[in-house]
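Read-outs throughout are calculated quantities, based only on the coordinates presented, and are distinct from any laboratory measurement. These numbers were taken from a predicted model, which means no experiment stands behind them. When we count neighbours, we look across all protein chains shown, and the Cβ atoms used for this are built from the backbone with ideal geometry, even at glycine.
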Amino acid sequence: MEKISVVVLTRNNENLITRCINSILMQTYPNYEIIVVDSSSTDNTVNILKQYNNPKELIRIKCLKTNVPIGKARQIGCEMSNGEIIAYIDSDVELPYENWLENMAEPLLKGYNSPTGTFFPKEHIAGVQTLAKCKPSDPITLKYIHSRFEYKKSVIDIDNYEIVGTSHLLLRKNLIEKVGGFHPEYSDEDVRLTKAMMQFGYKFIYLKEQKCYHYYIDSNKTFIRKAFRAITIRVHDTKLDIINYFSGSKTKKGNIK
């Protein structure tokens, strides 16, 4: 059975990292590893991770000296991985079931029968995506965020394009390499990478029934801060697009060591 490398990116997430890692450790999939890339946390996150009993180096931790752009962190996790499949899980995510990893990997291992009856061979599938759901006790703002978006179809490709991020996504490692890796400068590097895979003709499968818990915000204050950050990121990426367009050059992709 193909190995899955679960890559978790974190920075200053001491309140949620235990919940995330514990939900990964309970998975029934028989062949996986956990790689945590920490972008220079200043809280207790790394110390919490080091307290785990870690036989056979099931959990590997990469502590970066600086807070790097998220694309660089994703690429570092990719290059550290030993698996044929990479599962990117944000550190504020909790997997809902012990067979979640197994269910999400199935289309990449066996292919996918769509609701319309069309079968997609595993060789045509780049990744498997799901979205987030809420618990009754979650803040209203978090429920609002998670209710705003739903995929129209279970098969996403360049002809039926919708954005695919990497908060809870399984990807084929060789295809990450094929499209040049995660862009180290853009903030929407994950969306650009998955779109590049679709432009090569590959498809993404959306499994609605596998939604997981994503504690993206915990208060109205956090909601405002992250909304402002999203605007700042969009402005940054637009400026970079303009610079690259008029310079006639393409920004170098990935391959961070």
Violating pairs (Cα-Cα greater than 30 angstrom) within the set Lys65/Lys110; Lys72/Lys195; Lys62/Lys208; Lys56/Lys143: Lys65/Lys110; Lys62/Lys208; Lys56/Lys143
Test of the criteria: in region 26-106, which GluC sites (Glu not before Pro) are in a DSSP loop and have at most 16 other Cβ atoms within 10 angstrom of their Cβ? Glu84, Glu98
Out of the trypsin sites (Lys or Arg not before Pro) in region 148-190, which ones are loop residues according to DSSP with at most 13 other C-beta atoms within 10 Å? Arg148, Lys152, Lys153
The answer for Lys62, listing residues at least 5 apart or on another chain whose modeled amide H is closer than 5 Å to its amide H, is Val36, Val37, Asp38
For region 73-115, max minus min Cα coordinate along each principal axis, in Å, sorted largest first? 35, 23, 17
Which labelled figure in (1) 86, 40, 34; (2) 45, 45, 40; (3) 86, 49, 31 is Cα extents along the principal axes in Å, once derived from the coordinates: (2)
Given 25 °C and 0.890 mPa s, how large is the Stokes-Einstein diffusion coefficient of region 1-63 in µm²/s, with Rh as the Kirkwood radius over Cα pairs? 203 µm²/s
If you plug each phi of region 149-161 into the Karplus form 6.51 cos²θ - 1.76 cosθ + 1.60 with θ = phi - 60°, what whole-Hz ³J(HN,Hα) values come out, in order, with x for Gly and Pro? 9, 8, 5, 6, 9, 8, 10, 10, 9, 5, 7, 10, 6
Using Cα pairs closer than 8 Å and at least 6 residues apart in sequence, work out the relative contact order for the chain, in percent. 23 percent
Low-density loop positions, trypsin sites (Lys or Arg not before Pro), region 26-132 - DSSP coil, at most 13 other Cβ in 10 Å: Lys65
Counting DSSP beta bridges in the chain, what percent are antiparallel, to the nearest 5? 35 percent
Treat every Asp and Glu Cβ in region 4-247 as -1 and every Lys and Arg Cβ as +1, leave all other atoms uncharged, and give the resulting dipole magnitude about the Cα centre to the nearest 20 debye. 360 debye
